[in-house]
Amino acid sequence: MKEFDLEIVTPARVCYTGKVESVTVPGSLGEFQVLVNHAPILSTFEIGGIKVVENKESSLYFATSGGTVDVIQNKVLILANAAEKPEEIDVARAEKSAERARNRIRESGKEIDIMRAEASLARALNRIKISTWR
Amino acid sequence: MPTLRDIRGRIRGVQSTQKITKAMKMVAAAKLRRAQDAIINARPYAKKISVTLGRLIGDEERENSIYLAEKENVENILLVVVTADRGLCGAFNTNIIKEATAYHKKMMKEEGKNVDLFCIGKKGYDFFRKRDFNVVGNAVGVFQGLNPDKSNQLADLIIKPYVEGKYDQIYFVYNEFKSVVSQKIISEDFLPITVRFNPEEKKYIDNYIYEPSRKKIVEYMLPKYLQNQVWRVLLESNAAEFGARMTAMDNATTNASDLMKSLRLTYNKARQAAITKEILEIVSGANALKKSGS
């Protein structure tokens, strides 16, 4: 048995459930890969891409904006704030929101607004980047 | 005895009411479908986040986090009442108001605590502000165009006075969506967070690797958990509201049909009586003529 159970859940829906061979997440202390019989770990992760390898033939990608990953007893639970497959990403919308964020950074004086806009920009750029992954 | 005209007028009235209730039922049914999908898709996350959170909370966390620490003396309670913005949905709002009032009374009178209210939804707000309750906040209109941003802002608004120490406990009363025809009233603690880990998992939990650190993850997850709770409650109540409205409007439509049926019967009887009376008059008049002629 090389497989383990993976669940990717967001507040809006369950994005993925199934048996997989490996999953790679953009952990807060650096990207890491989970294989079968991984030691129990609980980690936060940042904006980036999640890679899921189901088997030799098929793997999937998700664009995510952060969350937590919980690995215990060959059960991996990813609680993501958002997770989208590359083909689901609306690139035009992401570009628009990146543009909006850039404008806000340029125009706004308040630090909190800039921080928010930067986070929003990072999310938009991430979605644009991952939309090309296959 | 009502005249034929009166009855005709009433039938027309009932008919137009029925048209409205029928239309409202259709609208509620359409909205219900979306609201139902939203809550059913949102439930897994809400459930799983408490599982993961449970694995993080030990005695140390419980003591050190404001969100987790239980106060020894609970004096001030914030009661969050979730009703709908609109009526015509059966006992949906009434039941919540009743439950909240009972809780309020119990805590104030029997246990001598101070209970303030926060009303989500216009119906509850309208009820409580006119009576002897201390309503400290309200959110009217959140259900229109409900989205996570709105919900998170609302969550922050509710959590803030707790963090500032104004309240020792926050309690929620809301409708849970059970099925299209049934709602369940839920009263539960919101703060302090009562999530606990499963004792069976203890041996794994002790071996966990935490990245970046247990403390950081707890700090990250607690606000997230609370926001998600509020989001879930809003979605539950929203779906339950449409379910309740649909059922109520369906009943109203059926009742209107029944009423119309009995009104038609009365109308036809009255019409027949009038005709019979007329014939009787004509016949007796004709008979009288015949007698006087012969």
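The values are calculated or read from the model by the stated rules, or taken from the named source; none is laboratory data. Here the structure is a predicted model, which is why all the values come from computation and not from measurement. Every residue, glycine among them, receives a Cβ derived from its backbone with ideal geometry; neighbour counts consider all protein chains shown. For the accessible areas, the whole protein counts, side chains as well, though only heavy atoms, and no ligand, DNA or RNA atoms are used. Shrake-Rupley method; radii C 1.70, N 1.55, O 1.52, S 1.80 Å.
The residue that is surrounded by the most Cβ atoms within 10 Å (Cβ to Cβ), counting only those in segment A:69-92 that are facing chain B (nearest Cβ under 9 Å) and assigned to a loop (DSSP other than H, G, I, E, B), is A:ASN81.
Any residue that is in a strand (DSSP E or B), at pLDDT below 95, closer than 21 Å to A:PRO11 by Cβ and touching a Phe, Trp or Tyr at 6+ places or on another chain (Cβ under 9 Å) - is there at least one of those in segment B:191-207? Working first, answer last.
Step one: of segment B:191-207, the residues in a strand (DSSP E or B) are B:191.
Narrowing further to those that are at pLDDT below 95: B:191.
The next check asks that each one be closer than 21 Å to A:PRO11 by Cβ; those that pass are B:191.
Right, trim to touching a Phe, Trp or Tyr at 6+ places or on another chain (Cβ under 9 Å) and you get B:191.
Looking through segment B:191-207, at least one residue is in a strand (DSSP E or B), at pLDDT below 95, closer than 21 Å to A:PRO11 by Cβ and touching a Phe, Trp or Tyr at 6+ places or on another chain (Cβ under 9 Å).
Of the residues that make up segment B:48-67, is at least one touching a residue at least 12 places away in the same chain (Cβ under 8 Å), assigned to a loop (DSSP other than H, G, I, E, B) and among the aromatic types (Phe, Trp, Tyr)? Yes, segment B:48-67 has at least one match. Of the residues making up segment B:86-93, none is away from every other protein chain (no Cβ under 14 Å), open to solvent by less than 10 Å² (accessible area, probe 1.4 Å) and assigned to a strand (DSSP E or B). Residues that are open to solvent by 50 Å² or more (accessible area, probe 1.4 Å), part of a loop (DSSP other than H, G, I, E, B) and facing another protein chain (nearest Cβ under 9 Å) within segment A:12-49 comprise A:ALA12, A:ARG13, A:LEU29, listed in sequence order.
Among the residues of segment A:15-70, which ones are closer than 26 Å to A:LEU121 by Cβ and of a type in the set (Asp, Glu)? A:GLU31, A:GLU46 - these are the residues of segment A:15-70 that are closer than 26 Å to A:LEU121 by Cβ and of a type in the set (Asp, Glu). If you check A:VAL52 against the conditions, is it crowded, with 17+ Cβ neighbours inside 10 Å, within 14 Å of chain B (Cβ to nearest Cβ) and in contact (Cβ under 8 Å) with a residue 40 or more places away in the chain? It is false that A:VAL52 is crowded, with 17+ Cβ neighbours inside 10 Å, within 14 Å of chain B (Cβ to nearest Cβ) and in contact (Cβ under 8 Å) with a residue 40 or more places away in the chain. Annotation note: of B:ALA69, B:ALA35, the sole residue that is under 28 Å from the mean Cα position of the chain (by Cα) and not aromatic (Phe, Trp, Tyr) is B:ALA35. Within segment B:177-215, if we keep just the residues that are touching a residue at least 60 places away in the same chain (Cβ under 8 Å) and of a type in the set (Gly, Ala, Ser), the residue that is nearest to the other protein chains (Cβ to nearest Cβ) turns out to be B:SER179. Scanning segment B:125-156 for residues being surrounded by fewer than 17 Cβ atoms within 10 Å (Cβ to Cβ), closer than 25 Å to B:ALA102 by Cα and of a type outside the set (Asp, Glu) gives a total of 6.
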